[in-house]
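Everything on this sheet refers to the single structure shown next.
Rule-based calculations on the coordinates, nothing more; no lab input. All values derive from a computational prediction rather than experimental measurement. Cβ sites come from the backbone with ideal geometry, for glycine too, and all protein chains shown count toward neighbours.
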Amino acid sequence: MSLRGFAEVKANLNREIQKIEKRTMYGMIKAVDFIHRKTETESPKVPVDTGNLRHSWFTSTMKVEHKPVIKFGFSANYALWVHEMVDANFHRNGSGAKFLEAHLMQNHNEVLRIIGENARII
């Protein structure tokens, strides 16, 4: 299974983030935390059955060529499958497929604003 549309959403956001030359790890973490909160509070929320998927959220930080890089998402081995279940009826009210992709698309400008607002000024 592959993430339909997600690669394009991710590539577009990454391209814009790369333009923020003085971005900081702090700003990147704040932006990712913002997206994580959206997956918990606004539709489509992360689907919940046993809670494993919801609690598999991860954030990993590193530096590549002295620039901050952050990876995030859901690590449950079935996260991709559930993310793409567009015809499913989920138990949690307001939850649904594309629960990560939708918030990245809807909040693209806000993510860039958060990162830019926390960029280092030299």
Taking the Cβ of Trp57 as the centre, find all other residues whose Cβ is under 14 Å away and add up their charges (Lys, Arg: +1; Asp, Glu: -1). +3
Amide H of Gly73: which non-local residues (sequence gap of 5 or more, or other chain) have their own amide H closer than 5 Å, using H built in the peptide plane? Phe58
Kindly write out, for the range 74-81 in residue order, the coupling ³J(HN,Hα) from the Karplus curve 6.51 cos²θ - 1.76 cosθ + 1.60 (θ = phi - 60°), rounded to whole Hz, with x marking Gly and Pro. 10, 9, 4, 4, 10, 4, 4, 4
Nothing charged except the Cβ atoms of Lys and Arg (+1) and of Asp and Glu (-1): what's the magnitude of the dipole of the range 6-117 about its Cα centre? Round to the nearest 20 debye. 380
Note on the range 1-42: alpha-carbon gyration tensor, axes a ≥ b ≥ c; rule is a/c under 1.5 for rounded, else prolate if a/b larger than b/c, else oblate; result oblate
What ranking do 72-78, 61-67, 22-28 get when scored by the average of other Cβ atoms within 10 Å per residue, highest first? 22-28, 72-78, 61-67
Ratio to report: Rg/Rh of the range 72-122, with Cα atoms as the point set and Rh obtained by the Kirkwood method; give two decimals. 1.15
What number do you get for the chain when its Cα radius of gyration is normalised by 2.2 N^0.38 Å, N = residues? 1.09
Give me Lys19, Lys10 ranked fewest to most by other Cβ atoms within 10 Å of their Cβ, as a rough exposure proxy. Lys19, Lys10
GNM of the chain, Cα pairs under 10 angstrom: of Lys98, Lys45, Lys71, the biggest fluctuation goes to Lys71
What does the extension gain come out to for Glu21 and Ala97, with contour length at 0.36 nm per residue minus their alpha carbon separation? 24.0 nm
Counting alpha carbon pairs within less than 8 Å and at least 6 residues apart, what relative contact order, in whole percent, applies to the chain? 39
Viscosity 1.306 mPa s, temperature 10 °C: give me the Stokes-Einstein translational D for the range 31-75 in µm²/s, with Rh taken as the Kirkwood radius over C-alpha pairs. 135
